[in-house]
Structures are given as structure tokens and as C-alpha cells.
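The values are calculated or read from the model by the stated rules, or taken from the named source; none is laboratory data. This is a predicted model, so every value here is computed, not measured. Cβ: placed from backbone, ideal geometry, glycine included. Neighbour counts: every protein chain shown. Note: areas computed on protein heavy atoms with side chains; ligands, DNA, RNA excluded. Shrake-Rupley method; radii C 1.70, N 1.55, O 1.52, S 1.80 Å.
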Amino acid sequence: MSRNLTILPADTYTVLNKSVITSNEKKIVTMLYQPIIGHTATSLYFSLIDDLDKLELLSDDFTHHHLMANMQLNLEGIVIAREKLEAVGLMKTYMKKGSINHYAYLLYSPLSANEIFNHPILNIVLYNNLGKDEYEKLLNYYKIPKINLKEYEDVTASFNEVFTPVAGKSNVVNEDIRKKSTNQLVLNSKIDFNLLISSIPKSMVSEKCFQEEIKELIDSLAYTYNIDDQTMISLVRDSINEKGLIDKNLLRKSCRNYYQFEEAGRLPTLVYNKQPDYLKKPAGDNSKWAKMVYTFENISPYDFLRAKYKGAEPTSRDLKLVENMLIEQKLSPGVVNVLLAYVLKINNQKLSKNYIETIVGQWKRLNIETVEDAMKVTMKEHKKIRKIVTKNTEAKKGNSKQEKLPAWFDKDVDKVSPTEEEQVELEKILKELV
């Protein structure tokens, strides 16, 4: 179906509830889906529910102008929000063409919290959008409390202990009875399954090996880790167990390891990422310190290195160092920028792998996540080193050349607003880097 459809305010729609959407499921949409799809798409989902009749089954016919007025949103915004709902499986859309086009909007229940937290795509997006602390709060909220029943005896009554069976014939037809119904994420297939299946000897696999659930997992992993057909064939082969079935956990781990270690020169998208919003310094501070923090927060490590190379492509060795810090050591992009700036400044514009790994190990132990924390710890550590160097050189005569340090090593930098000249220089740096 073409995605380039023009919707007019006069076009009509009907909402059909394909599930039983409880208050608990509405809470899941707010708490777990909203960080993924945004508040506008969430609001559209609830607005369409409000359009349903008292039994929450079927709505009257409405124009899209009705939605625009209720949500105070233009049609473009409504379409974008609708497509997000479709993409995560909360909604399906059908259209009947005419002088006035008519749309049928089918609503589905969200996945359960357990399904979301174990989903190969949704779980990763949720973590990235929320950040570690908020993600763990949500995870703890949905965890089931554990009670040790080792010393207890199961005394639950069975059905036949309570009820007496009665002979008879049921004439109830169950097909149209309401039930909970969820929809799959819309993900165009990235993998050629005909090629994949034909490339693996039949003697290696069971007839049940490539069921729909496994295909969906393979597609999700291929999408998440940007894996092509030939690589996925190799990873799948290595994940087949002695029963001829695919070990899902092993396949997940193999795909993750491939992304981290075996991309044969292709860079992961993380090197192009900027500091996530939840780790940024709040706006409003106009000091020189804040300007430097802002610079490190609003540029990707790739662009930072590229600026240091005067616009040329950084070497694969330096990019590999950055890649390792982001993926293997899980440092945030802004923190990586500070580390790069510090090492380049004090090490004659050279990136020493051993030196970087020593600093990274320390920062991981100190749980350094923000640009400010990284700048402060480099300043603190370098002062210790300078004291040792000073003691060793005081006995020597002659003038020693003073070491050039990053700008944030000025102890009063956070108390002083930048001069007009410094302001121009900082803005020039930021413009070059971004």
C-alpha cells in the first residue's frame, strides 16, 4: 500500500476495538509505550478509545476535523502519530476510497510488561530513550515480588473437587466473543528467508526450526544490529542446538557480539550519537564552563574527531578506540568527547590505547556518565600528577616549559562568564564541530 496518501479534514473514520483494553493496559501504554512513541501518539490512542461507544466496541462515523479539534493538532501531526501507533502494533488502518475517503481504525491491546521487557527491539529502544536509572525504576515497578514457598504445602482445590459435571451440549459459537488481542510490530522483512533456509542443510535442522516466532526474532535482530543475509546465515547456523532448533539466547548473544566485534570495518551508529538529553546539563547557565559543557554534549564523537582532523576522515584505528569506549565500555558520547580532548591535549595530539584504557577503567569504576563529571575528574586527577612532577623538577635549575592544559582546568572557570572574545571563540569551535 502506498504511504503517500493525502487525508483531508472531511475524510471520515470509524474506530473498531479489536481487543479488551483494560485500565492496566492503558497504564502500560502510558508508562512503557509513551517513552517510545511520544506523548502525541499516546494521546491519539486514547482519543480514539474515547470515540468508541459505551460498550467500547465501535464508534460512530467522525470526520478527521473532529480529531483535529479535539487534539488541537494538524493533519500532518495526526498522520505521524497514527503511523507510530501502527508501527508498534497498537493500531491497524484500512481505507475505502470514494468522493470522501473513509478510514477504519482498528485498536489493539499493548503487549504485556513482560513481553516488552523481553522484546528484542522495544526493550532496547525503551532503555535508550529512558536512560539507565528511569529504565530500572520501571523494571522494578513491574517485577513480581518473590515469596519463598519451600515450607508451604499446595492445598489449592481442583475444578472437579468443587463442581459436579453435567452432561449436555453447548450451542455457543465463540468466534465473535470479545477477547484480548495484540498486534505485531510492523517491520518490513530485512532477511531473505528463502535464501537463509536453503543455505542450511536440512540434516542440521528440525521441521519446527523456522517457525514464525523464530523468523520474527531473526528479523528483529537483523534490524537492531544491521546484519545482512550472509552474516545472519552464519550466525543462525552457529546457534542451532542438538535438537535441530535455534537457541534464541545464543542467537541474541551472537548477533550482539557480531555488532560489537566483527563488523569488518563498518561502524556502528553509536559513534554518530550525541549525549542523551537525560545526561545533559540543564539550560540557563551562561558561564564559560557551561559553554564548554554544551559543546561536548552537542557533538558526536565522530564529528569531534573529524574536527580534530581538520575535516578529514579520522583513521580507522582512532575510530576503533572510540567504538570500543562506546560499545564495550558503554561510556556516554559526551564523556568520550571529554576523554578524547583531554588525552589529545596532554599527549601531543596522540591517542594512546593503553593510556585511554587506563582512564576508561577508572571512569567506569567512578560511574562517570555526565560531561561535567568527566571534566571535573580529569581536572582532579591531573592536579595530583602535577604535584608529583613538580616535586621531581623543583631540584632542577632552569625554566621548564609549562604544560598546556584543557581550558576547563582553570579552577575558577565555572564562576566566570565568558568574555566577548571567548564567547566568539566558543561559538566558532561549536560551529566547526557541529
Within the range 84-105, residues being farther than 22 Å from K26 by Cβ and either surrounded by 17 or more Cβ atoms within 10 Å (Cβ to Cβ) or charged (D, E, K, R) (or both) number 4
The condition of being under 29 Å from K248 (Cα atoms) and either of a type outside the set (D, E) or in a helix (DSSP H, G or I) (or both) holds, among I100, I116, only for I116
Next on the checklist: Take the conditions farther than 19 Å from A104 by Cβ and outside any helix (DSSP H, G or I) and apply them to K26. Does it pass?
Outcome noted: no
If you go through I197, I227, I191, I214, the only one that is open to solvent by 60 Å² or more (accessible area, probe 1.4 Å), at pLDDT 75 or above and among the β-branched types (V, I, T) is I197
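Looking only at helices (runs of 4 or more DSSP H) that lie completely in the range 295-374, which have at least 2 residues being of a type in the set (G, A, S)?
333-346
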Of (1) farther than 30 Å from K280 by Cα; (2) open to solvent by less than 100 Å² (accessible area, probe 1.4 Å); (3) of a type outside the set (D, E), G131 satisfies every one except (1)
_Residue under question is V29, and the condition is that it be touching a residue at least 60 places away in the same chain (Cβ under 8 Å), buried (at least 19 other Cβ atoms within 10 Å of the Cβ) and in contact with a Pro (Cβ under 6 Å, 6 or more places away or on another chain); does it hold?_
yes
The condition from (1) within 24 Å of N118 (Cα to Cα); (2) touching a residue at least 24 places away in the same chain (Cβ under 8 Å) that V205 misses is numbered (1)
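Do you know which of the residues in the range 122-146 that are outside any helix (DSSP H, G or I) and at pLDDT 80 or above is farthest from L85 (Cα to Cα)?
K143
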Note on N324: of the conditions (1) modelled with pLDDT under 85; (2) over 30 Å from I124 (Cβ atoms), unmet is (2)
For the range 47-82 the number of residues that are surrounded by 15 or more Cβ atoms within 10 Å (Cβ to Cβ) and either outside any helix (DSSP H, G or I) or of a type outside the set (V, I, T) (or both) is 18
